[in-house]
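Data block below; observations after.
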Amino acid sequence: MKSFYQISFLIFILMSMTLGAAAQKTAITYPLTKTTDTVDEYNGHKVPDPYRWLENDHAEDTKAWVIEQNKVTRDYLDKIPFRDKIKARLEEMMNYPKYGAPFREGKYYYFYKNDGLQNQSVLYRQVGITGTPEVFIDPNKLSEKGTVALGNLSFSKDSKHAAYLIAKAGSDWQECFVMDVETKQLLPDHLDWIKFSGISWQGDGFYYSRYDTPDEKARLSGKNEFHKVYYHKLGTTQEKDQLVYVDKEHPLRNAGVGVTEDERFPVLVTTEGTSGNQLAVRDLKDAAQQDFQVVVPGFKYDPSVVDNVGDKLLVLTNEDAPNYKLVLIDPKNPAKENWQTIIPEKPEVLNSVGTGGGKLFASYLKDASTKIYQYDVTGKLEHEIKLPGIGTAGGFGGKKEDQTFFYTYTSFVAPATIYQYQIPSGKSDVYKRPEAKFDVEQFETRQVFFTSKDGTKVPMFLSYKKGLKLDGNTPVLLYGYGGFNIPQTPGFSVSNLFFMEQGGIYAVVNLRGGSEYGESWHKAGMKEKKQNVFDDFIGAAEYLIKEKYTNPSKIAIRGGSNGGLLVGACMTQRPDLFKVALPAVGVLDMLRYQKFTIGWAWVVEYGSSEKADEFPYLFKYSPLHNIRKGTSYPATLITTGDHDDRVVPAHSFKFAAALQAANAGPNPMLIRIETQAGHGAGKPTSKVIDEAADVWAFTMFNLGMKM
């Protein structure tokens, strides 16, 4: 016989469960989004764009719409009963010291460190490997809420000066400052309106790239044109900087100058997009050479200068080698028939080549996992640098006189460990292990291969808590990117480990469009073949269902930027296959993306709606244009930032408005618009945790998980 207390408690539990289910199914009242009669014509095809007004980020009605959308989203997320518990656990897991690998400049070793929950990592230095660390640059002191991030950092050859870039609120626009290394005092030098630029010292100054000062209203959305390379001499104002290069006939080309380690060869790299570039150099030892001379014409391949060996250049290239090779080019006789192969093409893709101590360090990808080999400068293989397992390693290289350097190794289930490498002996020793507040031994990663729609074998990494049971009922977060020749290699994330801790599987698919298997893999996911990428992602979900890992009611899909496009395309093509969709800072309007900021550079990857032969396939998969009224879509949380000037937030705004108007099912269609944040780089830890808490709360709630 149950007591009155027990009966009352059971009634309370049943009522709570009923109320929770009811709350999940209650229709959300979305802000009223007006529509207009805007119509565009593409090669005779008329396409309505009723939410065009949301592209104007300065308009008062757009600002009001953002505020109202955030209110609705905040109200929904704050009612999820375990959202605060998620945030508390994320803070607990993330609160441990995180170090970057040390690198040497002069007598100092520099390294980045975050004590745990600092908004931005701090740059420290110490004399020698065993010296006492001191703060060199602390970006946390540059803003009250940690929204100023430290970017590219470069030291002069004599190590007396350091130039560094900062970005504010996540924008791609950057400012440059110069510091006296010994005193840590800033010099008067201050450069502005820098974008898509490195800093390359040569003599008593450095090269950098910038655009003209933009109109304030177009600063975050206007098309970026006429990229220019300048040389800045120390102690002068920006107005006196020497214009090194601009292409007035091709406003949509980007350009930058890098300098070889001995400062003999400035190398001018020009691009017409995200793939394909041209190389031109100057030999500063040749007094007769007053301008850059093309050594590798563009823009069909992707050559890059690694360094020089005397009067010749080591160049990594995929010309006649889809998996890349390293060649030696004489700038005075640069024709391809004169190239000398140093490291020939192999079945595995050669991802990068570093130099240090007079050696070459070749980084390969074997089924998306790092393999490292040491060569001498003639291309003679000396040995493989053994790594702990399936993972990603980076940082192989130093200066010519170095005898040691530091590299990092990480995986999906373990944060980065730093190793010290002795170049003469080839020996690696652990320098610093992370002192994390979680047990990584509870988790494991396995790699599986599945067959995509057209018969292509595609790899996927699955990470989860040990002891997983294949009962077809496990929550899955399926992640992918699939574009721009960018590989998805194993990498650690506290946020993803949290999901595994809750019993979920974190699945990363190595989609076509990346570089996991060289340029052929990339091209198989470009332009008219982009549908292969979506088919691969859909195929991954179908594989996980077939193999009894999960079912459609337990699958969430996530991706950012080009990966946001991936999520948008897959949720509109197969809304039945997924329960939750998380498109972040996504390219979602494939007909107009090229009209904003740097979007024009992606035409080589996607194609352009302005071309008659490319419009049809773009229109066929463009997420915004494939939302169908009366369709039940997965529970969707779109995320973007008000300062995203890479993929402007209008993509996400228009997609959210269209989903809210069309969705016929019970699932929520929400958008979370972060303020003082951009595309993702440099986001302060506090904002990272807040966003992760919201995303996981939304995901777990809609997958039927608890905490």
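Which of the pairs 217/529; 386/523; 371/554; 141/359; 168/228; 141/654 have their Cα atoms more than 28 Å apart in this structure?
Table pairs above 28 Å Cα-Cα are 217/529; 386/523; 371/554; 141/359; 141/654.
Past 24 Å, Cα to Cα, is the threshold; run 71/113; 380/427; 107/683; 346/453 against it and keep the listed order.
As for pairs spanning more than 24 Å Cα to Cα, those are 71/113; 107/683; 346/453.
How would you order 284-297, 680-693 from highest to lowest mean count of nearby Cβ atoms within 10 Å?
680-693, 284-297
Within a 10 angstrom radius of the beta carbon, how do 209, 493 rank from fewest other beta carbons to most?
493, 209
With θ set to phi - 60° and the Karplus curve 6.51 cos²θ - 1.76 cosθ + 1.60, what are the ³J(HN,Hα) couplings of segment 334-348 in order, to the nearest whole Hz, using x for Gly and Pro?
Karplus values, whole Hz, x for Gly and Pro: x, 4, 4, 5, 9, 5, 10, 6, 9, 10, x, 5, 10, x, 8.
Under 12 Å from the Cα of residue 98, which aspartates and glutamates turn up, not counting those fewer than eight places away in the same chain?
Of all the aspartates and glutamates, those that pass the test against residue 98 - Cα under 12 Å, at least 8 places apart if same chain - are 115, 435.
Taking the chain as the reference, fit the longest principal axis to its C-alpha atoms, fit the long axis of helix 60-78 to the helix C-alpha atoms, and give the angle between the two in degrees, 0 to 90, nearest 10.
So the inclination is approximately 60 degrees.
Students often forget the sequence filter, so: which aspartates and glutamates lie under 14 Å Cα-Cα from residue 366 once same-chain residues fewer than 8 apart are removed?
Answer for residue 366, where 14 Å is the Cα cut-off: 345, 348, 384, 516, listed by chain and number.
Using alpha-carbon positions, what is the distance between the centroids of segment 599-616 and segment 92-161, in Å?
If you average the Cα positions of each part, the centres end up 41 Å apart.
Could you work out how far helix 4-25 tilts from the main Cα principal axis of the chain, as a 0 to 90 degree angle to the nearest 10?
The angle comes out at about 60 degrees.
With +1 on each Lys and Arg Cβ and -1 on each Asp and Glu Cβ, and nothing else charged, work out how big the dipole of segment 348-436 is about its Cα centre, in Debye to the nearest 20.
In debye, rounded to 20, segment 348-436 gives about 60.
Quickly estimate the mean residue ellipticity at 222 nm for the chain, helices only: each DSSP H run with n ≥ 4 gives -39500 (n - 2.57), and the total goes over all residues, rounded to 500.
It lands at -6000 deg cm²/dmol.
Identify all lysines with a Cα-Cα distance to residue 223 below 16 Å; exclude those on the same chain that are fewer than 8 residues away in sequence.
Partners within reach: 195, 248, 595.
How many angstrom separate the Cα center of segment 403-441 from the Cα center of segment 204-276?
So the two Cα centres are separated by 36 Å.
Can you tell me the Rg and the Dmax, both Å, for the Cα atoms in the chain?
Gyration radius and largest Cα-Cα distance of the chain: 26.2, 103 Å.
In Å and from the alpha-carbon atoms only, list the Rg and Dmax of segment 348-436.
12.7, 42
Ranking request for peptides 211-218, 592-599: highest mean number of other beta-carbon atoms within 10 Å first, then the rest in descending order.
The packing order, highest mean first, is 592-599, 211-218.
Restricting to Cα pairs below 8 Å that are 6+ residues apart, what does the relative contact order work out to for the chain? Please round to a whole percent.
12
With the cut-off at 35 Å, report for segment 445-703 the share of all Cα pairs above it, as a whole percent.
8
What is the gain in length, in nm to one decimal, between residue 85 and residue 520 on full extension, counting 0.36 nm per residue of separation less the C-alpha to C-alpha distance?
152.1 nm
I'd like the distance between the alpha-carbon centres of segment 526-581 and segment 491-512, rounded to an integer number of Å.
Cα centroid of segment 526-581 versus Cα centroid of segment 491-512: 15 Å apart.
Compute the long axis of helix 650-662 from its Cα atoms, compare it with the longest principal axis of the Cα atoms of the chain, and write down the angle in degrees, 0 to 90, nearest 10.
20
Scan around residue 136 for amide H atoms under 5 Å from its own, H built in the peptide plane at 1.01 Å from N, and keep only partners 5 or more places away or cross-chain.
123, 124, 125
Bear in mind that the values in this text are calculations on the coordinates, not laboratory data. Values in this document were obtained by computation on a predicted structure and should not be read as measured data. Neighbour counts run over all protein chains shown; Cβ positions are idealised from the backbone, glycine included.
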